[in-house]
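A quick write-up on the structure given underneath.
Here, each number is a calculation from the coordinates, and none is a lab measurement. All values derive from a computational prediction rather than experimental measurement. Reconstructed Cβ throughout: ideal geometry from the backbone, glycine too, with neighbour counts over all protein chains shown.
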Amino acid sequence: MILETLFILPPWLDPAYFLTNLFWTLMRSFVTFIVCMILGMAGLKLLDKMTPGISELRSIKGHSVATALFAAGIFIFSALTILGSMTAPLPIGVSSGLGQAVSPLMILGYRLLTLLAGFLISILFTFILSRVLAHVEPFGIDLHDVEKESIAIGIYIMGYLIFLGIILYASLLIPA
């Protein structure tokens, strides 16, 4: 009688396990990046609506430095969202502690919900900040002075994109 030893690879050496986790990680990263870009564009539209005295996107059109600043803001925003989506803690393939495996789709849903909550909080903060700056005029500075120069508007939009990117990045790092 020959006893054959059944050798099962540990999960970290099993190619199917590795490729499945890699697929879900890349899929999650791609989906969250696309959602972040959509939220970024929606945030720009909402910023334009929240500051009626400043027509941000129309004012930078045709001005090279303002457009370059806007593009730089998009690049920084994109970098923050890519970094957040790739490094976000997401326990794919681990046990929930209740004896059941956690579904990657369920965790992706939670991650997207957290991302949406972060976006809504950033819009709320932007609304409050723009209203406070428009009415209080701290240090004698009027926010509507930004409208006078297209470069100033480009810098203003770039600052908003960096602000939104950091908020979304922080939202992505909240454990699911």
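Could you tell me what % of all Cα pairs in region 24-94 have separations over 14 Å?
68
At 0.36 nm per residue, minus the direct Cα-Cα distance, what do ASN21 and MET37 gain on full extension? Give it in nm, one decimal, please. Could the numbers behind the result be given before it?
Working: separation 16, 0.36 × 16 = 5.76 nm, distance 2.41 nm.
Here the segment from ASN21 to MET37 would lengthen by 3.3 nm.
Between ASP14 and ASP48, what is 0.36 nm times their sequence separation minus the Cα-Cα distance? Round to one decimal in nm. Provide the component values of the computation, followed by the final result.
Numbers: separation 34, 0.36 × 34 = 12.24 nm, distance 5.10 nm.
Contour length minus the Cα-Cα distance gives 7.1 nm.
Across region 157-173, in residue order, what do the Karplus-derived ³J(HN,Hα) couplings come to in whole Hz, using 6.51 cos²θ - 1.76 cosθ + 1.60 with θ = phi - 60° and x for Gly and Pro?
In residue order, the calculated couplings are 5, 4, x, 5, 5, 5, 4, 5, x, 5, 4, 5, 4, 4, 5, 5, 8 Hz.
Taking a label point 7 Å from the Cα of PHE127 along the Cα→Cβ vector, which residues of region 156-176 have an amide N closer than 17 Å to it?
164
If each of THR67 and LEU120 carries a label point 7 Å out from its Cα toward its Cβ, how far apart are those two points in nm?
Each label point is offset 7 Å from its Cα along the Cβ direction, giving 3.7 nm.
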